[in-house]
Each structure stands twice: as C-alpha cells, then as structure tokens.
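Only one structure is covered here, and it is reproduced in the block below.
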Amino acid sequence: MNDTNILQAIRQAKPVCWHNPARANKQTSEDDTVAKGAAGLGLADLALAQARFERFAPLLAELFDELAASAGAIRSKLQPIARMQKALGLSSEQGRMWVKADHSLPVAGSVKARGGFHEILELTERLALQHGLLASDGDLRRLRLPASRRVLRSYRVAVGSTGNLGLSIGVIAAALGYRAVVHMSAQAKSWKKQRLRACGVEVIEHPGDYEQAVAQGRQQAAADPHCHFVDDERSVSLLLGYACAAYELQAQLASQHVQVDAAHPLKVYLPCGVGGAPAGIAWGLQLLFGEHVRCYFAEPVQSPCFLLQMLAAQGAHPSVYELGLSNQTAADGLAVPRASLLAAELMRPCLAGTFTVQDATLYEHLALLHDHEGLRIEPSAAAGFGGPRIMANSGLNTPQTNHVIWSTGGALVPPEQFQGFLDQGRGLRNH
C-alpha cells in the first residue's frame with residue numbers, strides 16, 4: 001500500500017500497516033548514534049541514565065514498600081504467552097510470542113514509571129547537588145531527612161497527561177516531597193484523577209484533549225521559576241528513562257536463552273500515543289541489538305498521530321483532526337492528536353513500521369489475554385497484540401522469530417472498571 005492509499009484508509013479510520021522505507025539496516029557501536037539529529041544521543045547517554053537508576057535504588061526501596069523485594073529496581077517480567085499465541089491463531093511456524101509486562105510495573109502500574117521516575121530522579125539529583133543536600137559518601141537516602149524534604153518542598157513538579165504519566169510523576173514527586181501538579185484533559189479516566197488526589201497531588205482539569213492540557217500546563221509552569229514541567233513531547237530525560245528498559249529486556253532474553261541475531265530476529269510491538277515511551281524503548285533496543293530488532297508502533301484508528309508524522313513532509317506537524325478523525329478512543333492513553341517531534345526524529349531512521357487498530361480489537365485482545373494467560377491490562381496496553389498476525393499476513397515471520405508485545409498499563413485499573421472491559425471484549429468475541 002503506497003502513502004496515498006494509506007492516507008485514504010487513515011481518513012476512513014480503517015486499520016493500516018506502514019513499513020518504514022527509511023529504516024537504517026546497520027549495526028550500532030559505542031561511537032554511533034542511531035539518530036544523530038535527535039539531541040546527538042548514544043550509548044553513553046543510555047549508560048548514564050541506567051547508572052542514575054542504580055544510584056537511586058536504595059532510596060526508592062525505602063520510599064516504596066513495593067520495591068523492597070527488588071532492592072529498588074523498577075522492572076517487569078518477560079513472560080511467554082503460548083496460550084495467547086494459539087488463541088490468536090498463530091502456530092509455532094510464526095515464531096514465539098512473549099509479553100513484556102510493564103502493565104504490572106510496581107508503584108505506578110505502567111510503562112510511564114520508567115521515564116517519569118527517571119526525569120524526577122534527575123531533577124532531584126541536580127537540586128540536591130545545588131543545595132548541598134548530599135554527604136561526601138553520596139548516599140541518596142539522605143534525601144529522606146527533614147532538611148532535604150523542606151528544600152524539595154519549595155519546588156513544584158508539573159506535567160500534562162492523559163493519566164498514566166501523571167500517575168507516575170505524581171507518585172514519585174509526592175514521595176520525594178515536591179508539590180506535584182498534574183494537568184489532565186476532561187477525557188482522562190476519573191479513577192486516575194481520584195488516585196492522584198489521594199496521593200496528595202493537585203489535579204487541574206482542562207476542557208478539550210491531551211494537547212490542550214499539556215499546553216496549559218506548560219504555560220503555567222513557565223511563569224514559576226520554582227516549577228519543573230515534565231514535557232512529554234520534548235523531554236530527553238523521559239526518553240532516556242524509557243530506553244533503559246532495553247538493558248532489562250536484553251538480560252531477560254539472555255537468561256531464557258533467546259538468541260537475537262540475523263537468523264533469530266526480534267520484533268517488538270509498542271502502543272504509541274505522543275511517542276515518547278515507545279520511541280525511547282525502541283531507540284534503546286536499536287542501540288543494543290542493531291539491525292536484528294524491528295520495532296513497530298501500534299495506534300488507534302482515530303488517533304494515528306505518529307504514523308501521520310512519519311508520513312508528513314519535512315517541517316510539517318500534522319494533527320489527526322486535519323484528516324477528519326475524532327481522536328476519541330477507548331485507549332485513552334493513546335488519544336493524542338499530534339506526535340512528539342523529538343520522538344519522530346529519533347525514530348525516522350530506525351522504526352520498522354506502524355499499524356493501527358480498532359477499539360473493538362483492543363477489547364477482544366484484552367479479554368483473550370485475561371482468559372488465556374490471566375493477565376489484566378487496560379485497552380491502551382492491548383494495542384500491540386495484533387502485530388504478529390499482521391507480520392504473518394505480510395510474510396515477514398519465521399519459526400525463529402521472537403515477538404515481544406509490550407503491555408504498557410493496567411495494574412491499577414479498579415476491578416469494576418476492568419470487569420467492564422472484560423465483558424465488552426468477551427461480548428465482541430462471542431459475536
């Protein structure tokens with residue numbers, strides 16, 4: 001399907017699949033950046049972000065009971081899903097399916113714990129050094145002392161979010177002592193707003209969509225020199241936090257004796273909203289695995305902002321509204337009208353492709369995953385499960401392919417909300 005036909009199908013809110021002709025097929029090295037134009041990032045930057053997580057681990061283990069068992073590490077399981085693979089009608093000839101269970105990440109319950117936590121930890125380290133809060137031994141657990149918390153309390157942390165990033169930022173910022181503010185669209189789930197308020201986070205609701213909430217939050221933060229705004233569209237720190245997941249996946253694949261090479265390709269399917277989280281993860285994976293990993297983004301048919309950006313002419317920044325789409329979807333975390341230009345620039349040479357899914361498919365796959373694997377995810381997190389079938393239909397799978405579907409959120413969804421998702425998915429499946 002050429003770009004003209006893809007755009008026509010997008011306007012009609014039909015599922016499409018686009019393969020990136022600009023993808024660079026090359027190995028990476030210490031001296032190579034996958035996308036030199038995107039802030040000049042490379043492996044050294046990724047290593048620094050990972051080291052920051054490790055430095056803060058003892059403090060995180062004390063702040064959150066859920067992190068005690070992992071000594072402060074934020075990580076999720078890599079789980080084979082053979083029953084789900086069979087339920088999707090894919091045989092072993094199409095490879096092997098796994099789920100990277102970021103829907104169950106501790107504390108924040110979504111992939112946003114990676115990027116969100118990293119940015120606030122980087123901010124905290126900078127302020128601690130600026131105010132002389134650290135002893136010569138560098139023990140970051142000193143930041144729990146009253147004197148340190150009084151300093152951090154003089155700063156505000158703000159973010160614009162559809163929900164999960166706000167939860168991540170709000171929880172970590174409040175735990176460290178900051179005053180936290182989350183700007184949310186009226187479309188965001190009410191239970192997410194309630195959970196934030198229960199953590200002592202100020203929630204400011206805005207009419208309109210995600211883009212408008214971010215713009216309002218950015219404007220208000222700019223007027224306060226003691227306010228740090230976490231900008232999902234422009235933040236390199238967020239990207240680096242997400243990218244650290246690549247080290248985790250690399251170690252998990254090795255521990256399960258999964259090879260990644262020319263004969264054993266790795267395909268990764270990532271739900272995509274504004275693009276920061278999937279771009280960070282995909283970029284990190286590209287650095288570690290080079291040409292042997294292929295990452296695909298999954299978007300709702302009404303909100304394919306990243307695909308539009310990848311198809312756009314140089315200098316353009318299209319909105320889904322310009323194509324007559326509603327930006328209304330059950331995948332509320334993916335309901336974004338315009339993509340992050342930073343993420344798009346980073347992905348232009350290395351993203352394998354993008355595909356779109358209907359809301360009905362999200363519900364069906366959510367129910368299948370629960371009924372066959374016992375996993376509870378939210379609709380946004382179900383976006384990637386159609387990827388292996390799409391690749392099979394394109395003739396791109398082999399028995400040696402490993403398919404990793406990233407499940408991005410859902411652990412914190414209230415039981416009654418999840419039951420509603422489940423009932424809808426089962427009803428669609430039975431028809």
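A few notes on this one:
- Diffusion coefficient (Stokes-Einstein, Kirkwood radius over C-alpha pairs, 25 °C, 0.890 mPa s) for region 191-309: 145 µm²/s, rounded to a whole number.
- Between region 254-313 and region 129-151, the Cα center-to-center distance that results, in Å: 38
- Fully extended contour minus Cα-Cα distance, from Q219 to N5, at 0.36 nm per residue: 73.2 nm
- Förster radius 35 Å - calculated FRET efficiency between H372 and Q328 (Cβ-Cβ, nearest 0.05): 0.75
- Farthest toward positive dipole pole in the chain [+1 Lys/Arg, -1 Asp/Glu at C-beta], among L60, H228, G89: L60
- Placing a label point 7 Å from the Cα of E66 along the Cα-to-Cβ direction, the residues of region 102-132 with a backbone N closer than 12 Å are 102-114.
- Cα gyration tensor category, rounded, prolate or oblate, for region 288-431 with a/c compared to 1.5: oblate
- Rounded if a/c under 1.5, otherwise prolate or oblate - region 174-214, Cα gyration tensor axes: oblate
- Degrees separating the helix 210-222 axis from the principal Cα axis of the chain, which is the longest one: 20
- Hull shadow area, averaged, region 93-208 [alpha-carbon convex hull, nm²]: 10.1
- Here the relative contact order of the chain, from alpha carbon pairs under 8 Å that lie six or more residues apart, stands at 22 percent.
- Region 150-221, accessible surface, carbon-and-sulfur percent (1.4 angstrom probe): 47
- Taking the Cα atoms of the chain, the ratio Rg/Rh between the radius of gyration and the Kirkwood radius comes to 0.95.
- Along its principal axes, region 373-431 has C-alpha extents of 40, 28, 18 angstrom, given from the largest down.
- Taking 0.36 nm per residue of separation and subtracting the current Cα-Cα distance, fully stretching the chain between R83 and A147 would add 17.7 nm.
- Space enclosed by the convex hull of the alpha-carbon atoms of region 81-156, per residue, Å³: 142
- Karplus (6.51, -1.76, 1.60) ³J(HN,Hα), θ = phi - 60°, over region 54-65, in Hz, Gly and Pro reported as x: 5, 5, 7, 3, x, 5, 4, 5, 7, 6, 10, 4
- Estimated at 0.36 nm per residue, the fully extended path between A135 and N430 surpasses their Cα-Cα distance by 100.0 nm.
- Solvent-accessible area per residue in the chain equals 38 Å², computed with a 1.4 angstrom probe and all protein chains kept.
- The loop-placed trypsin sites (Lys or Arg not before Pro) in region 53-104, going by DSSP, that have at most 15 neighbouring Cβ atoms within 10 Å of their Cβ come out as K77.
The values are calculated or read from the model by the stated rules, or taken from the named source; none is laboratory data. These numbers come from a predicted model, not from an experiment. So basically every Cβ, Gly included, is an ideal-geometry build from the backbone, and we count neighbours across all protein chains shown. In case anyone asks, the SASA skips ligands and DNA or RNA and just uses the protein heavy atoms, side chains included. Shrake-Rupley method; radii C 1.70, N 1.55, O 1.52, S 1.80 Å.
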